[in-house]
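Trainee: The structure that follows is given in the form of structure tokens.
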Amino acid sequence: MKRLKNILSIIIIAILLSTNLGFAQNRVEKLMPSAEVVFVNLNLKYPIVDMLVNEDTDFEKNDIILSAISMNKKLKYDLYDLTDLYKTENEKVLVRFLRDGKENVQVFTGKDFRGIYLSFTQQFCGTITAVSEDGSFIGLSHNVDGSEVALNTQVFETSYVHSIKANLFNDGGLKPHLKESKDGKLNYIGDINKYSEYGVKGKLKESTFNEKQALEIARPKKGKAYIYCKSPITNEKKLHEIEITKIYEDGAKIKVKDKELKEYRGGVIGGMSGSPVVQDGKLVGGIRSSFIYNHKIGFISNIDYMLNPEEDSMKN
């Protein structure tokens, strides 16, 4: 009887193990690395400080203005038309604004407002990291300025991508041609609907998923890896060698080894954010940033944090 109980226990454990292994295998998600450079148009509910016209202002770049009230006139300004405020210099204005994600209240003057350029849109280019079977995608691999007050974000197709080489005095960047129809309309391909510190999530109008190109996901480790991106010479997508030199919980430090990227781009430059990083035939993350003084040294966001930013951020 005792032997029968032991046999039953072994059978039950084996069943449980096989069930758990099967569930774990089902959770392994295969994604198709994309490396498509796209143009992003972000429409905002409130204006963002897009540029400092001069340094004689207490505003900072990327401040988001929520409200502006004249302390003299007891008047709430229309943020879409601040013409009257620009004409003054010493008028005191009580401003509610976001800076680095935190809400602040401070008194500014008309002179402060004259020193900034405000915009209700953010436009930039970035890279789609990967696409799933249903057309959902992840990309950019970092936070997007203004996303806290985003109304909607459209993604548009690009074609040939020029490279502006980075050096000590120039950040460089990708300069893609936008695909336009004969009537001048941009080719809309999808929307971004979620933002996080580790990038964006969205949905393509038409899925580009190819099962044969799909890869399993994994965490990065030290050693040889590759950035999958358009060649600065041929403009064709290819693997460019890097070395992963240090591992963090949510990302990794990299060193660019590829000759093409070093010679024609100076390393990792603007617009490459989100470029897929592949190691041992698996997708491990997306390009996040590089050092200002050395663009050959950069960072990636781990793929698991890009997929589940809310869940994984609780670990830190």
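The values are calculated or read from the model by the stated rules, or taken from the named source; none is laboratory data. In this text the structure is predicted, and so the values were computed from the model without any measurement. Note: ideal-geometry Cβ built from the backbone for every residue, glycine included; neighbour counts use all protein chains shown. Heavy atoms of the whole protein, side chains included, go into the accessibility calculation; ligands, DNA and RNA do not. Shrake-Rupley method; radii C 1.70, N 1.55, O 1.52, S 1.80 Å.
Trainee: For the chain, build the charge dipole from Cβ charges (+1 Lys, Arg; -1 Asp, Glu) around the Cα centre, then report which of Leu52, Met32, Ser231 sits farthest towards its positive end.
Mentor: Positive-end residue among those listed: Met32.
Trainee: Then there is this: Solvent-accessible area per residue for region 148-220 at a 1.4 Å probe radius, Å²? Mind dumping the intermediate values first?
Mentor: Numbers: 4670 Å² over 73 residues.
Using a 1.4 Å probe on heavy atoms only, each residue of region 148-220 averages 64 Å².
Trainee: Hey, another quick one. Please report, as a whole percent, how much of the solvent-accessible surface of the chain comes from carbon and sulfur atoms (probe radius 1.4 Å).
Mentor: On the way: 9130 of 17610 Å².
Heavy-atom surface of the chain belonging to carbon and sulfur, 1.4 Å probe: 52 percent.
Trainee: Can you tell me which of Lys212, Lys45, Lys30 moves the most in a GNM of the chain? Springs connect C-alpha atoms under 10 Å apart.
Mentor: Lys212
Trainee: Using a Gaussian network model of the chain whose springs link C-alpha atoms within less than 10 Å, name the residue from Ser67, Ser231, Ser34 with the highest mean-square fluctuation.
Mentor: Of Ser67, Ser231, Ser34, the Gaussian network model singles out Ser67 as fluctuating most.
Trainee: Could I ask something else about it? Defining a contact as two alpha carbons under 8 Å apart and six or more residues distant in sequence, what relative contact order in percent does the chain show?
Mentor: Working: 780 pairs, mean separation 58.3, N = 316.
Over the chain, the number comes to 18 percent.
Trainee: I'd like the trypsin sites (Lys or Arg not before Pro) in region 139-188 restricted to DSSP loop residues with at most 14 other Cβ atoms within 10 Å, sorted by number. If you can, show how the numbers build up before the last one.
Mentor: Values: sites: Lys165, Lys179, Lys182, Lys185; in loops: Lys165, Lys179, Lys182, Lys185.
Loop-located and lightly packed - Lys182, Lys185.
Trainee: Specify which residue in the list Pro309, Ile292, Ser70 is farthest towards the positive end of the charge dipole of the chain, using unit charges on the beta carbon of Lys, Arg (+1) and Asp, Glu (-1), about the Cα centre.
Mentor: The listed residue farthest towards the positive side: Pro309.
Trainee: Let's see if you can work this out: charge +1 on each Lys and Arg Cβ, -1 on each Asp and Glu Cβ, no other charges. What is the dipole magnitude of the chain about its Cα centre, in debye to the nearest 20? Don't jump to the answer; show the numbers that get you there.
Mentor: Numbers: 45 positive and 42 negative charges, 248 e Å.
In total the dipole reaches around 1200 debye.
Trainee: What's the longest piece of the chain with no exposed chymotrypsin sites (Phe, Trp or Tyr not before Pro), counting a site as exposed if DSSP puts it in a loop and it has at most 14 other beta carbons within 10 Å?
Mentor: Working: sites that count: Tyr80, Phe169, Tyr248, Phe291, Tyr293.
Looking at the chain, 81-168 is the longest stretch - no exposed chymotrypsin sites (Phe, Trp or Tyr not before Pro) with at most 14 other Cβ atoms within 10 Å.
Trainee: Pick from Leu85, Leu118, Leu31: which is most flexible by mean-square fluctuation in a GNM of the chain where alpha carbon atoms under 10 Å apart are linked?
Mentor: Answer for the Gaussian network model of the chain: Leu85.
Trainee: Using DSSP loop states and a limit of at most 13 other Cβ atoms within 10 Å to flag GluC sites (Glu not before Pro), what is the longest stretch of the chain containing no flagged site?
Mentor: 90-205
Trainee: What accessible area per residue comes out for region 44-139, rounded to a whole number of Å², with a 1.4 Å probe? Can you show the working numbers first?
Mentor: Numbers: 5170 Å² over 96 residues.
About 54 Å² of surface per residue is accessible.
Trainee: Once both axes come from the Cα atoms, what is the angle between helix 2-27 and the longest principal axis of the chain, in degrees from 0 to 90, rounded to 10?
Mentor: It is inclined by approximately 40 degrees.
Trainee: Suppose every K and R has +1 on its Cβ and every D and E has -1 on its Cβ; what is the size of the dipole of region 177-306 about the Cα centre, in Debye to the nearest 20?
Mentor: Magnitude of the dipole: close to 240 debye.
Trainee: While we're on this one: Which entry is the computed Kirkwood radius over Cα pairs in Å for this structure: (i) 19.3; (ii) 22.0; (iii) 19.9?
Mentor: The value matching this structure is (ii).
Trainee: Let me have the 222 nm mean residue ellipticity of the chain computed from DSSP H runs of 4+ only, each contributing -39500 (n - 2.57), with the sum over all residues rounded to the nearest 500.
Mentor: It lands at -4500 deg cm²/dmol.
Trainee: How far apart, in nm, are two points set 7 Å out from the Cα along the Cα-to-Cβ line at Tyr86 and at Val53?
Mentor: 0.6
Trainee: Also, I was wondering about something else. Treating the beta-carbon of each Lys and Arg as +1 and of each Asp and Glu as -1, no other charges, what is the dipole magnitude of region 74-144 about its Cα centre, to the nearest 20 debye?
Mentor: On the way: 9 positive and 10 negative charges, 95 e Å.
Roughly 460 debye for region 74-144.
Trainee: Here is a follow-up. With a/c under 1.5 counting as rounded, go ahead and sort region 121-209 into rounded, prolate or oblate using the C-alpha gyration tensor (a ≥ b ≥ c being the square roots of the eigenvalues; past the cut-off, prolate if a/b is larger than b/c, else oblate). Please list the in-between numbers first.
Mentor: Numbers: a/c = 1.56, a/b = 1.15, b/c = 1.35.
Judged from the Cα gyration tensor, region 121-209 comes out oblate (a/c at least 1.5, b/c at or above a/b).
Trainee: Once you list every other residue whose beta carbon is under 9 Å from the beta carbon of Gln106, what net charge do they have if Lys and Arg are +1 and Asp and Glu are -1? Don't jump to the answer; show the numbers that get you there.
Mentor: Details: positive: Arg96; negative: Asp58.
Residues close to Gln106 contribute a combined charge of 0.
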